[in-house]
Amino acid sequence: MRRGTNALRAASVLCALLLLPTAPPAQAAGGTLANAPVLTVSAGNPADTVKEPEPGTKKKEKSKEKEKFTPYTPSELDRAQLPDLSGTRKVEPPKTRRLDRTPDGFLKLPQQPNAAPTTDPGTNTVVGKLEEAILEAGGRVRVKGWAANSAYPSKTVQVIGGTSGQAQVTSWANTPRPGTPYGDAHGFNFDVQIPPTRGLHQVCVSAFYTTTKVTDLGCLEFDSRAFGAIEYRIPLAVVESGAYSVIGGWMIDPYTASYATFSGFRDKKEFFRGYSAALPRPDIAQAFPTFGPNHGWEVWIKHDGLEGTPSELCVNADSGGVGKQLGCMTQNSRHDPFGALDEVRWQGENILVKGWAIDPDTRSPVDVSIFADGKLVKTASAFQLRTDIRDAHPEYGDSHGFETTIPAAFDDQKITVKPTNIGRAGPLGGNVEWKMNYDGSSGPCRCIGENFESGSYDKTAYSTWGVDHSMWITSDKSQVVSGTYSAYGQSLPNGEWTEFLISNRAKMKLKRSTTYTVTYRYRILGPANPKVEHYFLARTTSGGYGNDWWGGILTDSTGSGVKSRSVTFTTGAFDDYYLIWGIHNSGAMTVDNIVINGPVG
């Protein structure tokens, strides 16, 4: 099954950023974001983006020509090309850090404490803990915890909390808080104001028994800058308008229930600023009720160029003019294919070649070219289902596997697979390739092959009966099966049975009671003649003709094309079998690319 559409295929060096506007779009059915308008930035050199001047120099004006924004609205079909993002949602509150002690002079007690017991036991008996500090809209932080007088559990303890430089808030520890050692009504839950400057701040809470007996309940340090998360980074989304990378998430400005703003940096240089995180996210409202739902954001990065090096795009939450990095993603502008050659092994009379290939500029399958010892032997499509690749790279779909066979012409080959590079000229653009050596004479399959490219029988495991008949190694292009040379045989009119090609028993010994598969390619020469018969057999000298294995007559004795044949046989109880190719009733043929699958001595 193929996924995706036949979309624009491109690789990029420079990115065009598509950014969400300030107004939140309508929410599609099922919780997806639909019709979200975005803006695109024209491609430019990273060096031409915003850069601070050297000390003592005048800051240059930004080039408006290189920062043109063109509206773009992803359609429902566009968003349908994205992988399932339901599992990417990650809504967590910002982290706080507990301080070891309350800073000196941080809290001031009120003049008249209201919770002093009628009898002073002489020791400080107030206990408790500041447990949470939760940021809320409007620049506030809600503090939660508990406090109790261990000597007088029925008494309500007064607490005081605040942040540095802000008015302190006095409250009572009298709200429900199950699980304390002194009952379930000793909780406190109140708001204090955040300092107006964005950054790290501390909120502290104390409880007191008398003006001289104060219990520090703890201090938590928090960050009042905008917070949020990058939830997904999609290297490729191919839609009708082009190929994009997509990055998205959510962010909140603690000082307002309205949307936060964010900026982007490419290779540490500012690329855009002042865009809003305003997409509807109901889950945000559930996690942070005081802020509401419209805090999602998404950036589409267009792939425009053909050359370049990987660049890093980082997103900063920058409400209030103070930046805080949410995270980064790598934009590989070259977009070379990637994949693997998983397996090369014998299968029947051929070599199995198996792997997978993905070109980041398309979700569609790409072709792979297969080479044996540097010679192109086959082109195949990487379209087969590979669930393991789908799970590892869901953004590209599930149909990127290839599994095919090539002729086994040698007993030792170097197999090379080159994937098509969509973003480069020509089907083999780029330098991506995967290699694996195939040794046909090792492992569970023992194979031996011959292609007669030495030009002489002396360097092969084959020979002829002699010079009485017309049989030799030919280089005539009209006769050769493949390569430069092939074994040629001709039956003269006075030779009824002409066995022109035999295996040399001194160089290639077949074992007794063993099954072999012999594959070869051949070309039948000369005019059509229904009387001409071409045959193959395995013969034993010591066993006599009755123990020969007869491969039968080739019935396709006409035609000029190259054909192939595969035969399987089992030898008898003799150690002197050898192979024979012959012609009956005149005629001529050539044989090449012989592969024997089986143990050969």
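The values are calculated or read from the model by the stated rules, or taken from the named source; none is laboratory data. Note that the structure is predicted; figures quoted are calculated from it, not measured. Cβ placement follows ideal geometry from the backbone for every residue including glycine, while neighbour counts extend to all protein chains displayed. When the accessible area is computed, the model is the full protein with side chains, heavy atoms only, and any ligands, DNA or RNA have been set aside. Shrake-Rupley method; radii C 1.70, N 1.55, O 1.52, S 1.80 Å.
What residue, of Thr517, Thr540, Thr484, Thr474, is open to solvent by less than 50 Å² (accessible area, probe 1.4 Å), farther than 19 Å from Gly587 by Cβ, out of contact with any Cys (no Cβ under 6 Å at 6 or more places or on another chain) and at pLDDT 90 or above?
On the way: Thr517 fails: at pLDDT 90 or above; Thr484 fails: open to solvent by less than 50 Å² (accessible area, probe 1.4 Å); Thr474 fails: farther than 19 Å from Gly587 by Cβ.
Only one candidate qualifies: Thr540.
What are the residues in region 515-557 that are hydroxyl-bearing (Ser, Thr, Tyr) and more than 53 Å from the chain's Cα centre (by Cα), if any? Walk me through it before giving the result.
Narrowing region 515-557 to residues hydroxyl-bearing (Ser, Thr, Tyr): 515-517, 519-520, 522, 535, 540-542, 545, 555, 557.
Once the filter is applied, which keeps residues that are hydroxyl-bearing (Ser, Thr, Tyr) and more than 53 Å from the chain's Cα centre (by Cα), region 515-557 yields Thr540, Thr541, Ser542, Tyr545.
Out of (1) crowded, with 17+ Cβ neighbours inside 10 Å; (2) at pLDDT below 85, the odd one out for Asn114 is which?
In the conditions (1) crowded, with 17+ Cβ neighbours inside 10 Å; (2) at pLDDT below 85, Asn114 misses (1) alone.
Taking into account only those residues within region 525-537 that are modelled with pLDDT under 90 and among the hydrophobic types (A, V, I, L, M, F, W, C), which is least open to solvent (accessible area, probe 1.4 Å)?
Val532
Could you tell me which residue of region 228-261 is modelled with the lowest pLDDT, considering only residues that are within 24 Å of Arg140 (Cα to Cα) and surrounded by fewer than 21 Cβ atoms within 10 Å (Cβ to Cβ)? Walk me through how you get there before you give the answer.
Step one: filter region 228-261 for residues within 24 Å of Arg140 (Cα to Cα), giving 228-229, 249-261.
Next, only the ones that are surrounded by fewer than 21 Cβ atoms within 10 Å (Cβ to Cβ) stay: 229, 255-258.
Working: Ala229: 90, Tyr255: 93, Thr256: 93, Ala257: 94, Ser258: 93.
Here the residue is Ala229.
Exactly one of these conditions fails for Lys375: (1) modelled with pLDDT under 90; (2) closer than 27 Å to Gln81 by Cα; (3) among the basic types (Lys, Arg). Give me its number.
The number of the failed condition is (2).
Within region 313-335, track down each residue that is open to solvent by 30 Å² or more (accessible area, probe 1.4 Å), in a loop (DSSP other than H, G, I, E, B) and either modelled with pLDDT of 80 or more or in contact with a strand residue (DSSP E or B) (Cβ under 9 Å, 6 or more places away or on another chain) (or both).
The answer is Val322, Gly323, Asn332.
Regarding region 174-186, can at least one residue be identified that is surrounded by fewer than 22 Cβ atoms within 10 Å (Cβ to Cβ), hydroxyl-bearing (Ser, Thr, Tyr), touching a Gly at 6+ places or on another chain (Cβ under 7 Å) and in contact (Cβ under 8 Å) with a residue 24 or more places away in the chain?
Looking for residues that are surrounded by fewer than 22 Cβ atoms within 10 Å (Cβ to Cβ), hydroxyl-bearing (Ser, Thr, Tyr), touching a Gly at 6+ places or on another chain (Cβ under 7 Å) and in contact (Cβ under 8 Å) with a residue 24 or more places away in the chain, one finds none in region 174-186, hence no.
Can you tell me which of (1) in contact with a Phe, Trp or Tyr (Cβ under 9 Å, 6 or more places away or on another chain); (2) under 23 Å from Thr517 (Cβ atoms); (3) at pLDDT 85 or above; (4) assigned to a loop (DSSP other than H, G, I, E, B) is the one Gln479 doesn't meet?
(2)
Please work out which residue is nearest to Val239 (Cα to Cα), limiting yourself to region 366-385 and to residues that are crowded, with 22+ Cβ neighbours inside 10 Å and under 22 Å from the mean Cα position of the chain (by Cα).
Here is the first cut: in region 366-385, the ones crowded, with 22+ Cβ neighbours inside 10 Å are 366, 368, 370, 382.
Next, from what is left, pick out any that are under 22 Å from the mean Cα position of the chain (by Cα): 366, 368, 382.
On the way: Val366: 17, Val368: 24, Ala382: 21 Å.
Among residues in region 366-385 that are crowded, with 22+ Cβ neighbours inside 10 Å and under 22 Å from the mean Cα position of the chain (by Cα), the one nearest to Val239 (Cα to Cα) is Val366.
Starting from residues that are assigned to a strand (DSSP E or B) and among the basic types (Lys, Arg), keep the ones in region 262-289 and report whichever is most open to solvent (accessible area, probe 1.4 Å).
Filtering region 262-289 for residues assigned to a strand (DSSP E or B) gives 262-266, 269-277, 279-280.
Still in the running and among the basic types (Lys, Arg): 266, 269, 273.
On the way: Arg266: 9, Lys269: 60, Arg273: 116 Å².
Restricting to residues being assigned to a strand (DSSP E or B) and among the basic types (Lys, Arg), the top hit is Arg273.
Quick one: how many residues across region 168-221 are over 16 Å from Ala148 (Cα atoms) and under 49 Å from the mean Cα position of the chain (by Cα)?
Looking only at that region, the number is 18.
When both residues are 6+ apart or on different chains and their Cβ atoms are under 8 Å apart, which pairs have a first residue that lies in region 74-95 and is within 22 Å of Val238 (Cα to Cα), and a second that is open to solvent by 40 Å² or more (accessible area, probe 1.4 Å) and not in a loop (DSSP other than H, G, I, E, B)?
Cβ pairs passing all conditions: Pro83/Pro394; Asp84/Pro394.
Out of the residues in region 583-595 that are over 18 Å from Gly552 (Cβ atoms) and within 47 Å of the chain's Cα centre (by Cα), state the one that is surrounded by the most Cβ atoms within 10 Å (Cβ to Cβ).
From region 583-595, those over 18 Å from Gly552 (Cβ atoms) are 586, 588, 590, 592-593, 595; that's our starting set.
Now narrow it down to the ones that are within 47 Å of the chain's Cα centre (by Cα): 592-593, 595.
On the way: Asp592: 23, Asn593: 22, Val595: 25.
Only one residue fits best here, namely Val595.
Failed condition for Val480, given (1) in contact (Cβ under 8 Å) with a residue 60 or more places away in the chain; (2) more than 25 Å from Asp373 (Cβ to Cβ); (3) among the aliphatic types (A, V, I, L, M), with all others met?
(2)
Just for region 127-160: of the residues that are among the basic types (Lys, Arg) and within 22 Å of Asp100 (Cβ to Cβ), which one is farthest from the chain's Cα centre (by Cα)?
Residues of region 127-160 that are among the basic types (Lys, Arg), as a first pass: 129, 140, 142, 144, 155.
Now narrow it down to the ones that are within 22 Å of Asp100 (Cβ to Cβ): 129, 144.
Values: Lys129: 47, Lys144: 44 Å.
That would be Lys129.
Regarding Lys509, is this residue more than 23 Å from Gly587 (Cβ to Cβ), touching a residue at least 40 places away in the same chain (Cβ under 8 Å) and surrounded by fewer than 18 Cβ atoms within 10 Å (Cβ to Cβ)? Reasoning before the result, please.
Numbers: more than 23 Å from Gly587 (Cβ to Cβ): yes; touching a residue at least 40 places away in the same chain (Cβ under 8 Å): yes; surrounded by fewer than 18 Cβ atoms within 10 Å (Cβ to Cβ): yes.
Against the criterion (more than 23 Å from Gly587 (Cβ to Cβ), touching a residue at least 40 places away in the same chain (Cβ under 8 Å) and surrounded by fewer than 18 Cβ atoms within 10 Å (Cβ to Cβ)), Lys509 qualifies.
Name the strands (runs of 3 or more DSSP E) wholly within region 490-601 that hold at least 2 residues that are small (Gly, Ala, Ser)?
Values: elements: 497-503, 515-525, 533-540, 549-554, 562-570, 577-584, 587-597.
Fully inside region 490-601 and qualifying: 549-554, 562-570, 587-597.
Can you list the strands (runs of 3 or more DSSP E) lying wholly within region 348-405 that have 2 or more residues being free of Cβ contacts under 8 Å to residues at least 12 places away in the same chain? Spell out the reasoning first.
Values: elements: 350-358, 367-372, 375-381.
In region 348-405, 375-381 are the strands (runs of 3 or more DSSP E) which contain 2 or more residues that are free of Cβ contacts under 8 Å to residues at least 12 places away in the same chain.
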